[in-house]
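Read-outs throughout are calculated quantities, based only on the coordinates presented, and are distinct from any laboratory measurement. Because the structure is a prediction, the values reported are computed rather than measured. FYI the Cβ positions are ideal-geometry reconstructions off the backbone, even for glycines, and counts take in every protein chain you see.
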Amino acid sequence: MELTATPATIAVGGTSALVATFTDGDGNPISGAAVKFGYGNTTLGSERTDAGGTARYTFAPTAEGPVSLWAGPKGSQTPSASASVAVLPAGATAGEAPAALWFSQAPIPATAGQAQTVTVHVVNAQGRPVAGAPVLFSSTGSSSGTWSESGSVTTNADGTATDTFTGSGTGSAWVSAAADAPGGDPAHAALARGSAHLWMLPAGAPRGPVPTSVRVVVTPEIVTSAQQATATAVVTGPEGLPATGFAGAIRAALGRRNDLDDR
């Protein structure tokens, strides 16, 4: 079975035509079969397939938000096909529907207790900026914190929205953003979401890249009991950038020559 929803983006008060196509294992249409339509645990109704094996139902949403619709044989407990519909606030148009959002830059370390500006870009399905879209910022992780805006922030003409995060502790935090169409409420019905990793450092810590990789180089690799070897740790952050000012320790495991692999 296949299910389509046309259009896939509508506003509250609008409708989307659901078409389920029911065929047998050889691809032949099954006529006269009862097909039920619904979403989640809710059954909207049922219709019978015509001579071409298709059953049609008109979906008229009463609340905004993304909806995953399904269709299946009436006697089955498991849906056979699904389709997604984005429901916008009443009066909104399809071009105002956020389809994606991303953070403007890779998050950099911030010092606990100091503000960090977070900016996201919101675009529609055609990649054009969505102006006037409400964006709600939030955070989770070991570094709790607060946002300067208690509610949502509205995107500018270029589709950007900015809020300020102040971490109250050290460690990592995931900052997230959820966007809805203009006039909507992203706290209840978000059409686009995104997240990024943020590090909160202790006061006085260097503000360079956070260490993400450590490589130890030992020269020479083999020494006698009377010789010395130099171990150097190369610490880098995202994209291989050097991470400076961080403390660490190098530990060694010693072995005799005949314990080593001669290959």
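Loop-resident trypsin sites (Lys or Arg not before Pro) (DSSP state other than H, G, I, E or B) in the stretch 1-85 with no more than 16 further Cβ atoms inside 10 Å of their Cβ: K74. On the basis of the beta-carbon distance and an R0 of 22 Å, E149 and W102 show a calculated FRET efficiency of 0.70.
Which one, G13, G52, V67, is farthest towards the positive end of the dipole of the stretch 9-160 when Lys and Arg carry +1 and Asp and Glu -1 on their Cβ? Among G13, G52, V67, the one farthest towards the positive end of the dipole of the stretch 9-160 is G52. Remark: D180, D24, D163, D185 ranked as D24, D185, D163, D180, counting other beta-carbon atoms within 10 Å and listing the fewest first. Counted residue by residue at 0.36 nm each, then reduced by the alpha carbon distance between them, the extension gain from A231 to D24 reaches 67.7 nm. Taking every Cα-Cα distance in the stretch 96-201 and sorting them into 10 Å bins starting at zero, the pair-distance distribution P(r) comes out as 18, 49, 27, 7 percent. In this structure, T224 and W174 have a Cβ-Cβ separation that, at R0 = 45 Å, corresponds to a calculated FRET efficiency of about 0.35.
Using C-alpha pairs below 8 Å separated by at least 6 residues, the relative contact order for the stretch 2-88 is 34 percent. Per-residue packing, averaged as other Cβ atoms within 10 Å, sorts the ranges 164-174, 214-224 into the order 164-174, 214-224, beginning with the highest. Restricting to Cα pairs below 8 Å that are 6+ residues apart, what does the relative contact order work out to for the stretch 96-201? Please round to a whole percent. Once divided by the residue count of the stretch 96-201, the mean separation gives 35 percent. Treating r as the C-beta distance of R193 and Q126 and R0 as 25 Å, the FRET efficiency rounds to 0.85.
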